[in-house]
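J.: Got a structure for you, written out below as structure tokens; questions coming shortly.
Since every read-out is calculated from the coordinates, none of them should be taken as a lab result. All values reported here derive from a predicted model rather than from experimental measurement. Using ideal geometry, Cβ is built from the backbone for each residue, glycine included, and neighbour counts are taken over all protein chains shown.
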Amino acid sequence: MSSEPLLRLDGVGKAFGGNIVLNRLSFSVEPGEIVGLVGPNGSGKTTAINLISGVHRADAGTIRFQGRPVQGLAPFRLAHLGINRTFQVPKPFREMGVRENIEVAAHFGGARGMDADAVLAEIDLAGHAAIMAGGLTVNQQKMLDLGRALATDPKLLLIDEIGAGLNPSELGAIANLLQRLAQRGIALIVVEHLLDFLNRITNRVIVLGAGRMLFEGTLKAASENPDVVAAFIGG
Amino acid sequence: MRDRGAWPGIVVVVLLAVVFLILPHVYGNQSLLFQMMTFVVLTQGLNLLYGFTGYLPFGYVGFFGAGAYATSLLVLHTDLPVIACVIGGGIGSIVIAIILGPLLRLSGAYFSIANLAASQIMFFVVSNGNLSKITGGPYGLKIDRVYAPEASYLTMLAILLLATGLAAYFRASRFGLGLRAMTQDPVSAAMAGIDVVRQRVLVWLASAGIAGLAGGTYAWNLSVFYPDAVFTLQISVFAIVFALFGGVGTVIGPIIGAASLYLLYNGIGISFPQGFELLYGALIVLLVLFLPNGVSSLLTRRGVRVF
Amino acid sequence: MAKSKSRIAAACVAGAAMSALAAGSAGAATAPAVLKIGTLYASSGSFAVASEGQYQGLQFWAAGVNKAGGVFVKAFDKKIPVKIIAYDDQSSTATATTLYNQLITQDKVNLLVADFGSVLTSVAVPLAAEHHMLLIDPTGSGANFFTKKTHYLADVSIPASTVWPIPLGDYLLKQKIKRVAVLYGSNDFDASQANTLKAVLAKGGVKPVYFHGVPTSESNYTVLLHTIAARRPDVVIELGYPPNDIAFLRALSGSGLHFNMTFTIFPGQLLALLTKNVGAKTLAYTYTYPTPPLVKFSHVTSGLNTDDFVKTYTAAKHEAPNFLNAAGYNTGVIMQDMLKTAPQFTQISFDRALLGMSGKTKTLLGAFKMTDHGAQLGELLPVAQLVPQGKGNKIVVVYPKAKATGKAVYPAPKT
Amino acid sequence: MVGLLEYAVIGGILYGLFFSLIGIGLNLIFGVMRIINLAHGQFIMLGGFGAYLLSRDLGLNPLFGIPLAIAGAIVIGYPLYYAVVPRLQKSHDPEMLSFILFFGIAQIIEALAVFGFGADQRSLPGDALGAGNLGVLGQEFPDSWWVAVLVSVLAIGGLYGYFARTKLGYATRAIMADRDEARATGINVDRVSAIAFVMGLALAGAAGVFVPYLLGSVSPDIGTGLTTTSFAIIIIGSLGNPLGTVVGGLVFGLGTMLMQTFYASWSNLVPYVLLVVIVLIRPSGLLGKAVRHA
């Protein structure tokens, strides 16, 4: 067990109607690690997250979580195992209260002891607990997505573009939050276009281009890699 | 805020029981009361599915008819007590619902219309002359040897209480909270750890089972009937209109909707039959335009949380 | 919640008021001031045409007896005016159930008359028995109804549909017509006739070359006719409801196909409707079961004979009556006789009176013969052909011989 | 007497093309407005009665029922559209609420039709569209079928041309693709939708003119059956795709006629079994998304 990483992808591939969007992706993630996932639009980042979280099913390769194969499991089972995520366009339960949004996940997420108030405090929405989620700003809704994921007591969090549209001080707060989560032992895979933000929180990034993994290593090294530069500039 | 526990549900159930036990002693047209209960049950059963999962079953009558036939055939071919046959009707409908389970993969209008088609298929198969030996085909069925208006009235009341209890459970429990979540966003609900498919199927089966029990009891109460009597689309349409009138996703909305509109239906039907269709049609149009969330939304708008 | 309670309370109050108002009661020892006859009709839906016809016939009868001071009731030894209480069930059995119950329990009618046809009659059968009311059933002839002895059911105006095609089958055998095609609607009324016909033909060793049910809602017969024609039948028998007959005959005339003999049911009942829809030319030489007033019964023991009925009805309603009008009127006449002979004013006494009348009574529909199961055997329907006369067609009864008014034109000429 | 199969196939194609016309108005309105016109069959019925009145009272050829249907659709359709559709679209669930609302409208129309015309069946002169038969590949069908099919093909072709060639047609397609985006690009969504609504009713009314020929007669109670059949057809084809309606109509027509020929008593199952099977295999219908986005 000790040699097995928390998450390990081996040759994972996905095609939509003959169009290959992800080709033989392999990497692994350790507990408490923050890994950045970068690449131009359409490079397959969100697809990778959808495959890991079970929203879509991989056509090829294996995904292992804590040593056991998990591809093909329904998303709610993955949530119970400890894999959770946020969405690029936040998807709260709009006609339910903010607190109810958290309570649902705390109740069904396989972590019944979870304290909704603590989660609300963590994501800084304690003051909005009673209002309908649909009444929050988009940024608040993104935080609510994160809070709902946290309420399931995850071991691996997939964060899809949480930073877009935030001002520097908000970005700073989120960076701190994500780092705090990592310190608790939660592994994070963060999809992000904001490289400064990523640079601040990650040790390691994975660069995708047209569905392939181009590079794995520090962001600094990535910016000097000719393949990566070509992918970003050449489109 | 949410955790008022089981009390509102218990209050509604007890009130319904008292009202429908007293009514026959005050008002002699027991058929009218029986049918009113039947429509309240069907409206509530439809509300279980539509109000709590967003799936609108146009073909809801299919489960009603399936229950009627399953019950009647059990009465004709076995020596089981009638109550057991009625339960068999509920089970029969649940079996049909399991077979039709894949329809839940469809969404919106597709689900509704495919379900409508499924109910028509059941109707046409049951009434087909080639199956006369099994289903009675176009000649219908006759189970008048067990005809018992009192007992079937009480059975329908029990089903009404069961349906209301289920709705109250959906409204007030964590299970119901999960249903609300998955209706609003199934993907997020899955990420919150809800087994969306399982929950939806459970509700679907419960809703079908209620219609099946109601259908079985209805057949028992009629005791001589043609296929059309238990498969007519009018039954689906009434249940939908009643549910929307009262307000779906609540417990008392469908009860209010079905009871009041059914009384109105009979009121117009008895006093002003020529204008009936016209008035009913006009009423529906006005409702949708001016009160699309049902009469219970009149209270919601004033800040009252309708149970 | 408060809202629902108040509505239910309102219903209670209304219910109480209704029961308080309803004073008269079946089986009362004192003579009622007016005899309440409860019935249903359908103003819309699939039975509307037939149901309204029957209802108008009953109304015509009631107007007639009231003009004469009412019906004579032997139990009270006096004439009592009648009042018809009628509700609209819109062809829905669910609605009909509550309305029958309304008539029985709220209006406390003295006599209960069913709506048209088996479907709308079916729900009243157990309900009437439960409330010990005699259900006077003008046209509900479902085979399921008459399975045991009962005091609470009496089919008065038409024989069970199972016996209708017996003369037709005999006629085909007698004419030695071997190639028979039968196309019928999948409903009680048509399917039971088709099966009787098949059985009658089988006795003569004839097996239909085509024998298929089609959905009751069938409206397109062009391809079906072509399939039938491929079996080269001499006679095509289509058993349906009026919309089926109309669609069938129109498709036949448009198809260019021709058969030696074509039979459908409703020209014999609703000749005006069929003529209006398919044209006299298309109807020419078609066979049918002729019903009064298309066939006449001049010697009657009760009520008007067929000719007088047509005259008075036309004068009163400015419209010639059809069979269903006659059936509704006949229902009234039978009830009138029943009240005239029943010694007590009770439902069981009424039923016994009807059984007593059985075999002795003749009305504009012919002989009245009822079994103790409540089934009507009555007058078997003859076979007739529509033969061109002027702009329209006249009915020529061709079988049985005793009733025949002419000879069949066979094979039918192409028109 | 050869060729039962050929007769059924050709009959099925003709019948199916006519039923494309029966269904297309429902589909057009759904595609553009996401509104379920449950009164569709009642509008078809009104078209049939319109032709009946023209023929009976004015002695006109029933084909004049088509311009009458168009005129009637304009007179009824515009006020009806503005009275209900924008309001429905603002609601939380336009699809479902429109279903209920138009059920109410269907009831009203049926009741008024019974008041106005009586519950009887009515039909049109059998020879008004030609009294003979016309054959193809040796299989003969009544002239009235061919006229109905010709009108169906012209109407659907015309609708196709409207979509492909006219400015309003482009705008209509833009709305079908994305209502909000269409509004954002400056299209007068309400005006274009109102026109599509009127066209939907006019197509229904025009189809009604031929109902007495292909379905024997017209009476106030035929609406509901026509609506459910239309539903089956447009779902088989795929909701919102007018071209799919033709495919749906053909599948329905062929299925029904083959069933009638070989298993007559089960023929009423055809549209519904096809619908359920197709929807389970291809939830978006036979001509699903692939065509719509093309």
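J.: Please list the helices of chain D that count as membrane-span-like by this rule: a mean Kyte-Doolittle hydropathy of at least 1.0 together with Cα atoms stretching 18 Å or more along the helix axis, each helix being a complete DSSP H run. Show your work: numbers first, answer last.
T.: Working: long enough: D:4-33 (42 Å, 1.89); D:40-57 (26 Å, 0.38); D:65-89 (32 Å, 1.25); D:94-117 (33 Å, 1.72); D:143-165 (32 Å, 1.12); D:189-214 (37 Å, 1.63); D:223-237 (21 Å, 1.44); D:242-262 (30 Å, 1.33).
Span-like helices in chain D: D:4-33, D:65-89, D:94-117, D:143-165, D:189-214, D:223-237, D:242-262.
J.: Give me the inter-chain shielding for A:72-80: mean count of other chain Cβ atoms within 10 Å, whole number please. Intermediate values should be presented prior to the final figure.
T.: Numbers: counts 0, 0, 5, 11, 12, 3, 3, 7, 2.
Average neighbour count from other chains, rounded to a whole number: 5.
J.: Going by alpha carbons, how many degrees (0 to 90, nearest 10) lie between the helix axis of C:323-341 and the longest principal axis of chain C?
T.: For helix C:323-341, the angle is close to 40 degrees.
J.: I'd like the distance between the alpha-carbon centres of the stretch D:95-122 and the stretch D:58-85, rounded to an integer number of Å.
T.: When both Cα centres are located, 16 Å separates them.
J.: Quick one: 3J(HN,Hα) in Hz for the stretch B:99-112, Karplus 6.51/-1.76/1.60 with θ = phi - 60°, rounded, Gly and Pro as x.
T.: The phi angles translate into 4, 8, x, x, 4, 5, 5, 7, 10, x, 4, 4, 4, 4 Hz.
J.: While we're here: Does anyone have the angle between helix A:138-150 and the longest principal axis of chain A? Alpha-carbon axes, 0 to 90°, nearest 10?
T.: 90
J.: Mind checking the mean number of beta-carbon atoms from other chains within 10 Å of the Cβ atoms in B:147-159?
T.: 1
J.: Over chain C, calculate the relative contact order: mean separation of alpha carbon pairs under 8 Å at least 6 apart, over the residue count, as a percent.
T.: On the way: 867 pairs, mean separation 73.3, N = 415.
Once divided by the residue count of chain C, the mean separation gives 18 percent.
J.: Still on this structure: For the protein assembly as shown, what is Rg from Cα atoms divided by 2.2 N^0.38 Å, rounded to two decimals?
T.: 1.04
J.: Take the alpha carbon atoms of the stretch B:111-143, find their center, do the same for the stretch D:184-209, and report the distance between the two centers in whole angstrom.
T.: 38
J.: Using only the alpha-carbon atoms, how far is helix C:2-21 inclined from the longest principal axis of chain C? Give it as 0 to 90 degrees, nearest 10.
T.: Tilt of helix C:2-21: around 90 degrees.
J.: Related question: In what sequence, highest mean first, do C:125-135, A:52-62, D:150-160 appear when ranked by Cβ atoms within 10 angstrom?
T.: Values: C:125-135: 23.4, A:52-62: 18.5, D:150-160: 16.5.
Ranking, from highest mean packing down: C:125-135, A:52-62, D:150-160.
J.: If you don't mind, there's one more thing I want to ask. What residues have an amide H closer than 5 Å to that of residue A:204, excluding those fewer than 5 places away on the same chain, when H is modeled at 1.01 Å from N in the peptide plane?
T.: For residue A:204, the qualifying residues are A:36.
J.: Moving to a separate point now. Hey, can you grab everything whose amide H is under 5 Å from the amide H of residue C:90? Only 5+ residues off in sequence or another chain; H modelled, so Pro and N-termini drop out.
T.: Amide H to amide H, under 5 Å and 5 or more residues apart or across chains, residue C:90 pairs with C:43, C:44.
J.: Report the relative contact order of chain D, percent, no decimals, based on alpha-carbon pairs under 8 angstrom and at least 6 residues apart.
T.: Over chain D, the number comes to 37 percent.
J.: Would you pull out the residues with amide H under 5 Å of residue C:383's amide H, same chain only if 5 or more places away, H placed 1.01 Å from N?
T.: C:398, C:399
J.: Alpha carbon centre of the stretch A:75-149 versus the stretch B:82-96: separation in Å?
T.: 41
J.: Please enumerate, by chain and number, the lysines with C-alpha under 23 Å from the C-alpha of residue A:14, excluding those fewer than 8 residues away in the same chain.
T.: Those lysines meeting the cut-off are A:45, D:289.
J.: Would you list, by chain and number, the aspartates and glutamates whose Cα falls below 12 Å from the Cα of residue A:220, excluding same-chain residues fewer than 8 positions away?
T.: Within the straight-line cut-off, residue A:220 pairs with A:196.
J.: Select from the stretch A:105-174 those trypsin sites (Lys or Arg not before Pro) which occupy a DSSP coil region and have at most 11 other Cβ atoms within 10 Å, ordered by residue number.
T.: Here the trypsin sites (Lys or Arg not before Pro) that fit, given the DSSP loop and packing criteria, are A:112.
J.: Still on this structure, I have one more. Hey, which lysines would be in cross-link range of residue C:207, C-alpha to C-alpha under 22 Å, not counting anything within fewer than 8 residues on its own chain?
T.: B:133, C:174, C:176, C:178, C:198
J.: While we're here: I need the peptides A:166-175, C:38-47 ranked by packing, meaning the mean over residues of other C-beta atoms within 10 angstrom, with the highest value on top.
T.: Most protected by this proxy first, the peptides run C:38-47, A:166-175.
J.: Considering every residue in B:224-232, what mean count of other chain Cβ atoms within 10 Å of its Cβ is obtained?
T.: Going residue by residue through B:224-232 and averaging, the value is 6.
J.: Mind putting together the pair-distance distribution for the stretch C:148-224? All Cα pairs, 5 Å bins, whole percent per bin, short to long.
T.: 3, 14, 21, 20, 16, 13, 8, 4, 2, 0
J.: While we're looking at this one, here's another question. Treat the stretch C:102-252 as a sphere of radius equal to its Kirkwood radius over Cα pairs and apply Stokes-Einstein at 4 °C in a medium of 1.567 mPa s; give the translational diffusion coefficient in µm²/s, rounded to a whole number.
T.: Numbers: Rh = 17.2 Å.
It diffuses with D of about 75 µm²/s by this estimate.
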